[in-house]
């Protein structure tokens, strides 16, 4: 016959079962995630480096390409088809030297029509100007005639007045003399006023005509200059590059068909990862290795526009003598972002991809132990160590991909 357990004993049994269950769950979880607590690795499979004390140089490395210090684009001014080529790509050209000739029948016909229209308008204005000048001459003649008649009437008036006062001239003759003099005087006054107004009007008309002729003359000069734009010439002296035009091909106005590189000085142009956009500044110094010689360079210009994850940096050569450079040559640039700081240094390695610098394997003899660390700045060669490591300690810096869940490593020869 079964014996009934007391209530207190049943509670105790239940508690024991729960504890055992938790223990088993913990054990299974631990075995699942940390089943390889210790792993044997070959020393040949890992890279081991020593933590050292030294000066941390905050720098980045990238490739820079040699380009001329100054260049100018060769642009099409008047669109058309290439009719004639005078030079080839790579030629040394002088300012104003013809490069190519274009042809555009419709544009040339338009230029001709505009030129003829302007010349006709200018001729009409010149005729109008001549008519006004002739009118002024006629008015001057009229004025001289009136003044002459007035002068004769005045002389006759003075003479007859004396004769009348001496009672030699009759009263009727004197009255006619006075009337003639009055008439010529009023006639002279009216005509002088009329001629004065006519001259003022003529001066305004002539000024307007001269202004119109000036504008038309400028337009005519510009039009003829535009006709000359079918002849493409070098804007500056230098080496012609990227000049790959094709005979018969049509190019539009404003289209760039090449450039001219000024053969006086060079610069380095680099495409740098956008990660460094906020860290690179104008004036920062760097260096390149040119056949074993370190040549100083300096950031001269930054173009912050990001394309495909990169932005452009232009650097000048900081050297007095002329360098023998070839356009298109690439150099590795070492650009310093700050000064040197004395600190602990850990050589760079692939381990960082898995740990993000939060922990490393520290080697002691033939074993390696997982340890938390704090890393800060980095350059192409080293990480800056903030805490977790000491000078002289050895660290595995190769990839941890195969033993991310392992606490200890046995390093075998």
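Under the criterion of Cα pairs below 8 Å and six or more residues apart, the relative contact order for the chain equals 32 percent. For the chain, the longest principal axis of the Cα atoms and the long axis of helix 105-165 meet at an angle of about 30 degrees. Helix-only arithmetic for the chain: the sum of -39500 (n - 2.57) across DSSP H runs with n ≥ 4, divided by the residue total, places the mean residue ellipticity at 222 nm at -13500 deg cm²/dmol. Each 10 Å bin, from zero up to the one with the longest distance, holds this percent of the alpha carbon pairs of region 107-228: 12, 24, 17, 15, 12, 9, 6, 4, 1. The eigenvalues of the Cα gyration tensor, multiplied by 5 and square-rooted, give the chain an equivalent ellipsoid with semi-axes of 104, 33, 24 Å from largest to smallest.
Could you calculate the FRET efficiency of residue 212 with residue 86 from 1/(1 + (r/R0)^6), where r is the beta carbon distance between them and R0 is 45 Å, rounded to 0.05? Walk me through the numbers on the way to the answer.
Working: r = 40 Å, r/R0 = 0.88.
That pair, residue 212 with residue 86, gives E of 0.70.
Calculated over region 223-296, the projected area of the Cα convex hull averaged across directions stands at 9.6 nm². In degrees, nearest 10, range 0 to 90: what is the angle between the Cα axis of helix 171-228 and the longest Cα principal axis of the chain? That helix lies at roughly 30 degrees to the long axis. Once the Cα atoms are used to define both axes, helix 7-33 deviates from the longest principal axis of the chain by about 60 degrees.
In region 107-228, Cα pairs under 8 Å separated by at least six residues give a relative contact order of 42 percent.
With the cut-off at 20 Å, report for region 96-178 the share of all Cα pairs above it, as a whole percent.
Details: 2351 of 3403 pairs.
Here the tail beyond 20 Å accounts for 69 percent of pairs.
Just so you know, all these numbers are worked out from the coordinates, no wet-lab data involved. Source: prediction; values computed, not measured. Virtual Cβ from ideal backbone geometry, glycine too; neighbours counted across all protein chains shown.
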